[in-house]
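The values are calculated or read from the model by the stated rules, or taken from the named source; none is laboratory data. What you are looking at is a predicted structure, and each value in this text was computed from that prediction instead of being measured. Every residue, glycine as well, gets a Cβ built from its backbone with ideal geometry; the counts of neighbours run over all protein chains shown. Note: accessible area is taken over every heavy atom of the protein model, side chains too, but ligands, DNA and RNA are not part of it. Shrake-Rupley method; radii C 1.70, N 1.55, O 1.52, S 1.80 Å.
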Amino acid sequence: MSTIPGVVGATPGVLRQMNSRAILDALLRDDASHSVTELSRAVGLSRPTVEAALTDLVDEGWVAEAEVLVTPNKAGRRPKRFRADATAGSVLGVDLGLHGIVGVRSDLRGVQQTRVEERYADLADAEQAWTSVQDVVRRLTADTATSPVLAATFGVPAVVDRTGAIDYTVAVPEWVERRVPGRIQDLFPGVATFFDNDAKLAAVAEAMWGRLRGVQDAVSLVMGRQIGAAVVVDGALARGARGAAGEMGGLDVTGWPGAPSRLEARVPADTDLESVFAAAGQGAAWAVEVVRAFAADVAPGVVQLVATIDPEVVVVGGEVLPAAAEFSEALAAVIAPQLRHPVEVVPSTVGRDAVARGALARSLTHVRTEHMGLG
């Protein structure tokens with residue numbers, strides 16, 4: 001009989017499958033090897049049940065028998081030990097932005113194996129975007145012969161509906177017109193390939209590894225030449241009926257449509273925006289003024305989001321991240337007088353890879369659910 005609560009009348013085959021999934025889930029929690037006895041205690045199953053489940057998992061390729069360390073002066077048969085084979089497959093997370101691409105490949109525990117970053121003046125041109133994506137994907141997957149890609153997720157500056165289809169994009173309409181998403185899917189025949197909104201994926205990463213972990217209500221901002229927002233309500237990412245929750249970038253009343261161009265207009269002719277943010281982060285007065293003006297430009301939209309969601313915290317990420325502390329302070333100062341209750345505005349703790357890592361999390365969730373049967 002299974003010791004899993006609530007299972008009544010299941011067939012032996014179903015019970016064996018459920019038991020093996022419980023053991024796989026336990027093994028994936030760390031990189032250590034475990035004996036049958038240890039696993040039996042951890043999952044509350046009998047030793048014969050654990051042994052049968054491990055046989056299935058080894059046959060499926062998710063678990064491997066670990067080498068037993070020889071202990072001097074100890075005779076007798078040493079117990080077999082097992083660990084999840086996190087290299088049985090790999091997953092991709094890619095931040096495909098208007099001004100750069102960040103791609104990450106990880107094993108099945110989410111441990112990073114490869115990272116590729118490329119920056120561009122502008123990737124709005126569909127053919128340039130397609131060429132660049134192919135190059136990044138080729139570099140990410142160069143050594144996956146023994147660890148095949150099982151899922152890939154791309155974060156894009158677009159509204160993506162519940163089915164994963166791109167509904168519309170103001171930032172890069174040519175990508176959709178020239179079938180860039182479809183061509184990206186063609187790079188991965190037989191592999192699940194997903195698209196999602198970049199700001200929403202950044203919020204996913206922040207909730208898993210960063211400042212939004214355990215937070216019930218929050219606003220996550222992506223700020224720079226691309227502006228976006230995602231909202232967390234009651235501990236869940238809000239998507240909306242058509243995936244457009246938090247998509248305020250096209251509304252004139254937010255101040256967001258013209259903010260990027262005003263930002264770039266303030267950058268000295270012999271300086272790029274990245275240098276401005278870096279200088280502001282180091283306290284250069286002239287650069288801090290640029291960042292503060294940018295915060296004032298986007299404040300109307302942030303006030304509207306905060307008043308609507310009533311968040312515990314607003315997290316700031318995106319291109320502005322090197323100067324996020326200065327930006328957050330300036331933004332808080334502008335919006336506080338307009339709110340009944342001031343809200344904390346803080347920099348992202350995930351960093352510049354937030355979108356790529358959120359995409360990685362989406363890929364891992366698919367593999368755990370569809371390939372491993374972990375739900």
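Residues in region 75-99 that are at pLDDT 95 or above and among the β-branched types (Val, Ile, Thr): VAL91, VAL94.
Selection of region 206-218 for residues being in contact (Cβ under 8 Å) with a residue 24 or more places away in the chain and open to solvent by 60 Å² or more (accessible area, probe 1.4 Å) yields MET208, TRP209, ARG211, GLN216. Say whether the condition of being in a loop (DSSP other than H, G, I, E, B), in contact (Cβ under 8 Å) with a residue 12 or more places away in the chain, under 28 Å from GLY93 (Cα atoms) and of a type in the set (Gly, Ala, Ser) is met by at least one residue in region 342-363. The answer is yes, given that some residue of region 342-363 is in a loop (DSSP other than H, G, I, E, B), in contact (Cβ under 8 Å) with a residue 12 or more places away in the chain, under 28 Å from GLY93 (Cα atoms) and of a type in the set (Gly, Ala, Ser). Of the conditions (1) among the polar types (S, T, N, Q); (2) open to solvent by 70 Å² or more (accessible area, probe 1.4 Å); (3) more than 29 Å from the chain's Cα centre (by Cα), GLN112 clears all except one; give me its number. Going through the list (1) among the polar types (S, T, N, Q); (2) open to solvent by 70 Å² or more (accessible area, probe 1.4 Å); (3) more than 29 Å from the chain's Cα centre (by Cα), GLN112 breaks only (3). Annotation note: of ASP143, ASP107, ASP122, ASP135, the sole residue that is in contact with a His (Cβ under 8 Å, 6 or more places away or on another chain) and free of Cβ contacts under 8 Å to residues at least 60 places away in the same chain is ASP122. Inclusion of SER363 among residues that are crowded, with 19+ Cβ neighbours inside 10 Å, more than 30 Å from LEU140 (Cα to Cα) and polar (S, T, N, Q) is not warranted.
Put simply, of GLU370, GLU326, GLU312 the only residue that is out of contact with any helix residue (DSSP H, G or I) (no Cβ under 9 Å at 6 or more places or on another chain) and more than 16 Å from ALA203 (Cβ to Cβ) is GLU370. Of the helices (runs of 4 or more DSSP H) lying entirely inside region 253-332, those containing at least 2 residues that are open to solvent by 60 Å² or more (accessible area, probe 1.4 Å) are 259-265, 285-309.
Screening region 210-241 for residues that are assigned to a strand (DSSP E or B) and of a type in the set (Gly, Ala, Ser) and picking the one that is farthest from TYR120 (Cα to Cα) gives ALA236. For region 94-113, a residue qualifies if it is touching a helix residue (DSSP H, G or I) at 6+ places or on another chain (Cβ under 7 Å) and in a strand (DSSP E or B), and the qualifying residues are VAL94, ASP95, LEU96, ILE101, VAL102, GLY103, VAL104, ARG105, SER106.
Which of (1) open to solvent by less than 70 Å² (accessible area, probe 1.4 Å); (2) out of contact with any strand residue (DSSP E or B) (no Cβ under 8 Å at 6 or more places or on another chain); (3) closer than 29 Å to ASP167 by Cβ; (4) modelled with pLDDT of 95 or more does GLY250 not meet, given it meets every other one? Failed condition: (4). The residues on offer are VAL350, VAL288, VAL334, and the sole one that is more than 25 Å from the chain's Cα centre (by Cα) and within 30 Å of GLU117 (Cβ to Cβ) is VAL288. Here LEU108 meets each of (1) within 30 Å of ALA238 (Cα to Cα); (2) in contact with a Ser or Thr (Cβ under 7 Å, 6 or more places away or on another chain) with one exception, condition (2). Scanning region 268-306 for residues that are modelled with pLDDT under 95 and more than 24 Å from LEU96 (Cβ to Cβ) gives PRO268, ALA269, ASP270, THR271.
Given VAL298, VAL291, which one is in contact (Cβ under 8 Å) with a residue 40 or more places away in the chain and within 23 Å of ASP95 (Cβ to Cβ)? Just one listed residue meets the conditions, VAL298. PRO48 fulfils the conditions (1) open to solvent by less than 50 Å² (accessible area, probe 1.4 Å); (2) not in a loop (DSSP other than H, G, I, E, B); (3) not charged (D, E, K, R) except for a single criterion, (1). When region 14-35 is limited to residues that are surrounded by fewer than 19 Cβ atoms within 10 Å (Cβ to Cβ) and touching a residue at least 40 places away in the same chain (Cβ under 8 Å), the one that is farthest from THR369 (Cα to Cα) turns out to be SER35.
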